[in-house]
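The values are calculated or read from the model by the stated rules, or taken from the named source; none is laboratory data. It should be emphasised that the depicted structure is a prediction, and the values quoted were computed from it without experimental measurement. Because the Cβ atoms are built from the backbone with ideal geometry, glycine has one as well, and the counts that use them run over all protein chains shown. Surface accessibility is based on the protein's heavy atoms, side chains included, excluding ligands, DNA and RNA. Shrake-Rupley method; radii C 1.70, N 1.55, O 1.52, S 1.80 Å.
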Amino acid sequence: MSALGTVELTIDGKKVSVPAGTSVFDAARLNNIAIPTLCHQQNETPVGVCRVCVVDVGGRVLTASCIRPAENNMVVSTTSDKVKAARSTLVELLMSDHPSPCTRQQNTGDCELEKLAHQHGIKKPRYPHRSTGRGKDDSSPSIAVDFDACILCDRCIRGCSEIRHNFVLGRMGKGGQAGIAFDNNLPMGNSSCVSCGECMVSCPTGALTNKVVTGTAFAAGSDAQSVKPEELENLPVFQGVSGTFLSLNKGAVVRRHFNRGDVICREGEYGSTAFYILEGKATVSISSPMAHVKTHGGARGFFTKLTSGLAKRRDDKRSEETDQKYIHIDAPIDLAYENPVAHLGPGDLFGEMTCMSLYPRSATVRAETDCTMLEMLRNVLDIMQRNKNFRAMLDKSYRQRALDNHLRGVPEFSSLTDDFIASLRDKVELIRCAPGQVICRQGDAADSFYLVRIGFVKVSQKHPGGEMVLAYLSRGDYFGEIGLLRGDVRTATCTALDHVELVKISGEDFNRMMNQFPQIRKKMEAVEEERLQQNRERLSVVQSIPLESFLAQGLMEAQSLLLLDLDKCTRCDACVRACADAHDGVTRLVREGLRFDHYLVATSCRQCRDPLCMVGCPVGSIRRRNSLEVIIEDWCIGCGLCAQNCPYGNINLHPFEVIGQDPDHPGQKKAVMKRKATSCDLCTEHAEPSCVYACPHDAAHRVDPSKHFAELLGIAPVQTAKR
């Protein structure tokens, strides 16, 4: 060893001197001698797992230069035939399992593995490809994961743990089954990953890449100003967000200025962005009239023409209708039913549901004063929601401003006192769930009660015949009460359909509420019994209808079908015309559809047991409580999503002319066209539906399919329990 703690060695015939403790790899690098590697980066601890950096130091075997310390008088060869052959074999073995070209190679052409393969002249590996792979993980809105492109270099693990100290990534499995995993082998979107992007930057291949969110775009307008990553990092709202991630997603956030009276977004319109208010105030409202479609007339008999109009809840109280006092929208506050207008200010975020799940806008937002806002795409919103500082700020705002209305917006909880809600304010837990994530599982111990804050939750039960969907829950709905009230296990599995946020109330606090408010307990027990009875009825239908064709056509899902007996039908269309005449020319019936036996199942609302039309409604206006009757509430904004979701095409949009605000001249009014969703109401004003009455050949019938087809299926008719 030379004086002053240095060592002298020879690398490829060149004498070099480096500080003691320097690795052979760094000794070569400091003297401009390149040694290829895949698992080593200068800012991470070397681990020597890829072995691509092997060199010959005169020993029995080659050694990984990144972990071998330089020694005095050592002679190193980095380019001997032996070294080149070993390196080429290693690269070829890695390429045999690599999905070439990988995502990174396709997008930027800089996959480090494929670059090395090109340098070694490896075009098609001689070794067989792995027969099974782990595939892709698309659960994160920010980072795309392709496990088949992973070479187990561990750079992502060290970037996550050593550089960011997040400790999310690790190895899983042994031998040929070894792989990278997030937390305890969770999908990336469901894990504790904060989307900082360090793993993505560290990855040498296309295993972890920046996700370009398709189908998303900023609103049209020339006022959008790009914001540099350095500017965003200086904003308090972006404190703690990875600068690396912001740089990779440059252009995903723009600054917009709105003048007083400008419309920022309109209810019912589709969008893909969220807004964060920096300065100024905005008004959020629903302009659609608070009314539902009501069919009038028919009092003097069947030959009296029916007309459809709009009726308010107080003027036409429907037995299935909820007494909900607040309308839940895609904003940090709810709107009062009687006056659907509220105000937003600096620090408020709105449009989360539209941005994350691409649902229509739930309300119209207009600048109350001159405003400055940040508009962002989904990948940026996702990382902000994972940022602890930003999340804490949003949660604090929710607890202070919206928790009261959210709880009291549930009819069963309307009598909660201010003191009790205050006692819950800092105890409730606000949790996020990714699409497909199981929130609670059937058979697990019941320990919590949940309120849906954002998104949609599917409630289902498993039975020997398969899964049965019980309900779809949206903002303002709740679940978990049955197991807590009975002191038993969960009776159903609840799964997030999209990006969901929940308010979690512990079992202890729920029981305290039940004990302190006996009237609420009585209401909850009534709901519990109603839901359990409904589940029993559904199960009896499922168990009694085994015919594959019957199930395949979705007929079991219906509780009411319009059937046309093709042995009697003459295709005169009298039923279609009668329906149109009864509803101002807007027919709710089309004489086409599926066929079963000698029946045509006409396109008309089936009152489905699994109502897919309810999924995604931005204001939760299409719903049913615990009966099978689907009802459209007064605050429908006419966006048409329910009509798109109905798999049978059985929901229509009815236009109405109303006097409303002139969107081009704030403060003025004019006649405008508004739409409301409608479905078949079975002509409740008549003794039987108009279509059935109008058929001159007795071919049209409204039936309960499980009863009507019982004889054909060779089963006993389902007996519905009386209430």
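Some points to look at:
- Between the listed residues Ala496, Met513, Tyr450, the Cα displaced farthest toward the positive end of the dipole of the stretch 417-546, a dipole computed from Cβ unit charges relative to the Cα centre, is found at Ala496.
- Placing +1 on each Lys and Arg Cβ and -1 on each Asp and Glu Cβ, with no other charges, gives the stretch 149-290 a dipole about its Cα centre of roughly 240 debye.
- Ranked by the mean number of other Cβ atoms within 10 Å of their residues, highest first, the peptides 226-237, 358-369 come out as 358-369, 226-237.
- Set of lysines near Lys568 by C-alpha distance (under 25 Å), chain-local residues within fewer than 8 positions excluded: Lys707
- Overall form of the stretch 6-107 per C-alpha gyration tensor (a/c, 1.5; a/b vs b/c): prolate
- Probe 1.4 Å - accessible area at Lys84, Å² to nearest ten: 100
- Exposure of His499 as accessible area (Å², to 10), given a probe of 1.4 Å and all protein chains: 40
- Peptides 638-644, 5-11 ranked from most to least packed by the mean count of surrounding Cβ atoms within 10 Å: 638-644, 5-11.
- Of the residues Ile157, Ala85, Gly135, the one whose Cα sits farthest toward the positive end of the charge dipole of the stretch 20-158, with +1 on the Cβ of Lys and Arg and -1 on the Cβ of Asp and Glu, is Ala85.
- For the residue pairs Lys317/Lys674; Lys312/Lys670; Lys325/Lys523; Lys14/Lys115; Lys294/Lys458, the C-alpha atoms sit more than 24 angstrom apart in Lys14/Lys115; Lys294/Lys458.
- Sorted largest first, the spans of the alpha carbon positions of the stretch 112-210 along the three principal axes are 40, 26, 23 Å.
- Under the shape rule built on the C-alpha gyration tensor, where the axes satisfy a ≥ b ≥ c, the stretch 1-48 is oblate, since a/c reaches at least 1.5 while a/b does not exceed b/c.
- Site pair Asn32 and Leu430 shows an inter-label distance of 5.7 nm when each label is modelled 7 Å from Cα along Cα→Cβ.
- List Arg260, Arg453, ordered by accessible area with a 1.4 Å probe, largest first: Arg260, Arg453
- When peptides 86-93, 61-68, 397-404 are sorted by average Cβ neighbour count within 10 Å, with the highest value leading, the order is 61-68, 86-93, 397-404.
- Sequence-ordered 3J(HN,Hα) estimates for the stretch 164-169 from the Karplus curve with 6.51, -1.76 and 1.60 and θ = phi - 60° stand at 9, 6, 8, 6, 9, 8 Hz, glycine and proline given as x.
- Overall form of the stretch 417-546 per C-alpha gyration tensor (a/c, 1.5; a/b vs b/c): oblate
- Each Lys and Arg Cβ is given +1 and each Asp and Glu Cβ -1; about its Cα centre, the stretch 417-546 then shows a dipole of about 220 debye.
- Amide H contacts under 5 Å for Tyr270, placed H, 5+ residues apart: Arg361
- Assigned charges on the beta-carbon of Lys, Arg, Asp, Glu; the stretch 6-107 dipole about Cα centre (debye): 80
- Cα centroids of the stretch 378-420 and the stretch 448-503: 19 Å apart.
- Antiparallel bridge percentage (DSSP; both residues within the stretch 6-107; nearest 5): 85
- Rough spin-label spacing in nm, given labels placed 7 Å along Cα→Cβ, for Thr79 and His665: 8.1
- The stretch 32-91: Rg to Rh, with Rh as the Kirkwood radius over Cα pairs: 0.94
- Full extension of the segment from Asp12 to Asp395, taken as 0.36 nm per residue of separation minus the current Cα-Cα distance, would add 131.8 nm.
- Of the residues Asn379, Leu403, Ala336, the one whose Cα sits farthest towards the positive end of the charge dipole of the stretch 329-407 is Asn379 (charges of +1 on Lys and Arg Cβ, -1 on Asp and Glu Cβ, taken about the Cα centre).
- The spacing between the stretch 82-148 and the stretch 246-283, judged by their C-alpha centroids, is 41 Å.
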